[in-house]
1. Do we have Ser274 as among the polar types (S, T, N, Q), in contact with a Cys (Cβ under 8 Å, 6 or more places away or on another chain) and surrounded by 14 or more Cβ atoms within 10 Å (Cβ to Cβ) here?
2. Restricting the stretch 49-106 to residues that are touching a Lys or Arg at 6+ places or on another chain (Cβ under 7 Å) and assigned to a loop (DSSP other than H, G, I, E, B), which is modelled with the lowest pLDDT?
3. Which of the residues that make up the stretch 107-123 are assigned to a loop (DSSP other than H, G, I, E, B), buried (at least 16 other Cβ atoms within 10 Å of the Cβ) and without any contact (Cβ under 8 Å) to a residue 60 or more places away in the chain?
4. Checking the structure you have, find out if any residue of the stretch 118-138 is β-branched (Val, Ile, Thr), closer than 30 Å to Cys299 by Cα and at pLDDT below 80.
5. Restricting to the stretch 334-384, name every residue that is of a type in the set (Val, Ile, Thr), more than 20 Å from Asn312 (Cα to Cα) and without any contact (Cβ under 8 Å) to a residue 60 or more places away in the chain.
6. Going through the stretch 165-186 one residue at a time, which ones are in contact with a Cys (Cβ under 6 Å, 6 or more places away or on another chain) and more than 18 Å from Arg500 (Cβ to Cβ)?
7. Which pairs have Cβ atoms under 9 Å, sit 6 or more apart or on different chains, and link a residue in the stretch 93-105 that is over 12 Å from Leu290 (Cα atoms) and touching a residue at least 24 places away in the same chain (Cβ under 8 Å) to one that is in a strand (DSSP E or B) and among the charged types (D, E, K, R)?
8. In this structure, is Cys209 out of contact with any Lys or Arg (no Cβ under 6 Å at 6 or more places or on another chain), in a strand (DSSP E or B), at negative phi and not assigned by TED's automatic domain parsing to the domain that holds Cys155?
Amino acid sequence: MPAILPFALLLLTGWFGGACESSLSTSLDGKRCDSQGRCVNGYACDAATQRCILAGVAGPLVSCGMGATLCSEQCVQLSTDPRNCGGCGAVCSSPRGGAGVCVENDCNFACTKPTVACGTECVDVASDPNHCGVCGAVCPGGGAECVSGRCQAACRLPFQTCSGLCSDLRSDPARCGACDNLCAGGQVCSEGVCSGACAVGLMNCASACVDLTSSSEHCGACGSRCPASPGATSICAASKCDLRCGAGLSRCGDVCVDLKVNSSNCNACGNVCSAPANSTATCVEGACDLACDVGYAECNGACIRAADDPANCGACGRACAQGEVCSAGACAPSCAGMTENCGGVCTRLLNDPVNCGGCGKVCPGVANGVPLCADGACTITCQDGYTLCGGACVRLDTDANHCGLCNNTCPAGTCLSGKCAVVGACAAPPVPPAPVACPAQCTGGCAAGTCQILCMGPDACKESNIACPLNMDCQVTCTGSKACEKAKLRCDGIYACNLRCSGDDTCKELAMTCTTGACNLDCSDAQACEKTDVHCGSGPCSFKGVGANQRCQSSCSCTSL
């Protein structure tokens with residue numbers, strides 16, 4: 001082999017004879033590639049250094065095909081390779097749950113199922129309380145959780161779930177000791193038992209006997225509720241509110257965070273991660289990191305575009321000479337193709353959101369949307385669940401200025417499920433004047449100004465006509481097999497009408513009619529409300545459970561909870 005190598009060099013020298021006729025390198029000393037990135041046979045042009053390397057020494061014989069570039073001894077397509085996007089070593093970053101992708105020399109990311117992209121994050125809208133159902137839909141309260149894309153209360157001890165609500169069975173007079181145990185009028189719930197008075201050491205707070213030193217709902221005084229915090233359980237100790245962090249979370253001030261992923265408290269409280277231009281700070285396993293914005297790739301700790309960055313042209317760290325521009329990943333005296341020189345950067349004015357239609361014309365961003373440039377004009381692409389209306393990304397199901405469709409303004413300022421609430425008719429019913437006489441049909445009394453109608457036990461109110469009074473809220477409770485089967489419940493006043501059913505066939509084929517007040521049905525058992533009819537009038541209505549038919553005026557929203 002040593003005897004052959006000089007002979008090969010002689011052949012190469014003879015082949016290329018006059019140096020003035022070709023710029024191809026014939027040396028083994030790592031000389032520059034020619035202007036088209038070529039070397040003689042047996043050598044390859046290293047795109048990272050623009051030097052010719054001997055294939056037999058640097059690695060296996062490399063002969064990249066049309067459009068491919070040699071990066072670290074591998075032939076890659078710079079336009080599509082997320083590890084070399086637009087240039088060698090330019091890496092496309094991605095958020096947790098996603099993977100970097102390279103499209104036409106620009107970085108982006110794709111989320112893996114079941115997550116979807118919400119801004120710069122990949123989230124599971126079926127379980128994320130900050131993006132529940134759609135991007136940006138936050139479940140209210142620190143104790144709420146997202147289940148199957150819908151917000152619901154997350155009950156923590158001592159609270160238990162009763163018909164979708166969190167109740168403390170030790171003190172709740174409507175669910176005293178058990179979800180279906182309603183205390184009679186004038187009674188209180190003390191230590192899970194309906195009684196005439198609270199046990200020693202407990203305070204009567206609206207018929208609930210509580211310990212003011214430890215109750216998070218009545219901390220230090222009746223009605224003084226401890227605030228909720230995401231990832232934390234509100235507690236009351238010595239009549240003062242506090243919080244307890246959940247598993248895997250640490251307390252930093254008054255919030256609970258995951259030190260492994262929180263960029264404001266990365267590995268330690270107060271350790272804030274910083275980020276260079278065109279990126280977002282992240283925290284990965286307790287170490288600060290960065291995620292480059294869409295269109296940019298990570299290069300030596302910075303976020304750049306190797307296809308047109310004169311400081312990193314075609315590869316990380318490869319700088320163009322003074323007066324040169326970076327065009328399609330190569331240094332050149334001027335921009336090629338359909339690109340224009342904008343401050344030394346060759347850019348496509350037809351689709352660059354930073355130079356849209358002209359150098360320096362930046363497309364403005366909006367909440368829940370991404371600015372784009374199409375044919376030299378700015379536009380916006382909204383996230384899933386949002387619609388573009390007048391330059392803003394809105395939710396047609398809740399936006400009072402775009403309810404159901406763009407520019408449909410609700411006079412009352414409330415949009416529910418894409419329908420406007422009627423002025424006045426759907427407002428909360430007024431509080432009844434006190435005192436009021438308790439009507440005879442209120443068999444459970446009128447505690448707290450609410451008529452309690454009790455149908456307890458098998459066939460208790462079967463096929464009966466039940467009428468709520470006109471001057472107060474009404475709570476009808478049906479418990480036991482067929483307790484209210486085929487009954488007719490009518491509420492003609494402007495006050496709320498609430499029906500709670502528990503037990504097999506309890507409210508089967510019951511007809512509930514509300515004319516103007518709120519109409520609410522609560523079914524705790526799967527078979528409790530089979531074929532139950534709910535006729536809502538002009539007031540709001542809600543439905544919890546299964547089996548009921550809903551007939552609500554289109555002017556008000558009927559919500560299935």
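1. No, not satisfied.
2. Filtering first and then ranking leaves Gln50.
3. If the condition is that a residue be assigned to a loop (DSSP other than H, G, I, E, B), buried (at least 16 other Cβ atoms within 10 Å of the Cβ) and without any contact (Cβ under 8 Å) to a residue 60 or more places away in the chain, then Thr115 is the only one that fits.
4. Yes, the conditions are met somewhere in the stretch 118-138.
5. Listed by number, the residues that qualify are Val362, Val366, Thr379, Ile380, Thr381.
6. Ser171
7. Partner pairs satisfying both residue conditions: Gly97/Glu121; Gly98/Glu121.
8. no
The values are calculated or read from the model by the stated rules, or taken from the named source; none is laboratory data. None of the values given here were measured: they were computed from a predicted structure. Using ideal geometry, Cβ is built from the backbone for each residue, glycine included, and neighbour counts are taken over all protein chains shown.
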